[in-house]
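A.B. asks: Got a structure here, written out as structure tokens. Questions coming.
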Amino acid sequence: MLILYCFSFALAMLLHELGHLIAARVCRVHARELGLGWGPLLCQFRLGSVRYKLHALPVGAYVRLDMNELQGRPLDQQVFMLLAGIVVNLIAASATAGTAFSLMNLLLAMTNLLPLYQ
């Protein structure tokens, strides 16, 4: 059961970051890298202008956006890119309601909403 939750969490993180990446593409903000996990690098590949990396510890994920391009966009586009990951997680949670994957997507979406209240 623990392996199922770990796999579901890693997949939810990947979907979350892909949401940011797709939104950045729509808004024409360059992304250099998408990574899943931390620690030692297991494998990597390049697809187009983005390098995709998989690390040994599945405890986080990230997209490296060009911050100058991001900050140069109108506020509505910045908010769209920042909220895209949360929206993707909420859609995935709704589509898979009642599963471990749904729970992991909901937890990830909710914990990413917390900084908005600070």
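A.B. asks: Cβ under 10 Å from GLY35's Cβ, GLY35 left aside: what net charge do those residues give with Lys, Arg +1 and Asp, Glu -1? Walk me through the numbers on the way to the answer.
C.D. replies: Numbers: positive: ARG51, LYS53, ARG64; negative: GLU17, GLU33.
Neighbour charge sum, excluding GLY35 itself: +1.
A.B. asks: Can I ask one more? Given only helices, namely DSSP H runs of n ≥ 4 each adding -39500 (n - 2.57), what is the per-residue ellipticity at 222 nm of the chain, to the nearest 500 deg cm²/dmol? Present the calculation step by step, with values, prior to reporting the outcome.
C.D. replies: Numbers: 4 runs with 65 residues, N = 118.
Per the formula, -18500 deg cm²/dmol.
A.B. asks: Suppose R0 equals 22 Å. What FRET efficiency, 1/(1 + (r/R0)^6) with r the Cβ-Cβ distance, do ILE22 and LEU2 give to the nearest 0.05? Before the final figure, lay out each step's value.
C.D. replies: Numbers: r = 30 Å, r/R0 = 1.38.
With R0 = 22 Å, the Cβ-Cβ based efficiency is 0.10.
A.B. asks: Return the percentage of antiparallel bridges among DSSP beta bridges fully within the chain, rounded to the nearest 5 %.
C.D. replies: Numbers: 12 of 16 bridges.
In the chain, approximately 75 percent of DSSP beta bridges are antiparallel ones.
A.B. asks: Further question on the same structure: Just to be sure I understand the model, the point goes 7 Å from the Cα along the line to the Cβ. What's the resulting ASP66 to THR99 distance in nm?
C.D. replies: Result: 3.7 nm between the two label points.
A.B. asks: Related question: What number, in percent, do you get for the relative contact order of region 2-111 if the mean sequence gap of Cα pairs under 8 Å and at least 6 apart is divided by its residue count?
C.D. replies: Working: 180 pairs, mean separation 34.5, N = 110.
Rounded, it is 31 percent for region 2-111.
A.B. asks: Cut-off 10 angstrom, C-alpha nodes, Gaussian network model of the chain. Which of GLY19, GLY35, GLY72 fluctuates the most?
C.D. replies: Taking springs between Cα atoms under 10 Å, the residue moving most is GLY72.
A short reminder: the numbers here are calculations on the coordinates, not readings from a lab. In this text, all values refer to a predicted model and were calculated from it rather than measured experimentally. Glycine also receives a Cβ, built like all others from the backbone with ideal geometry; neighbour counts cover every protein chain displayed.
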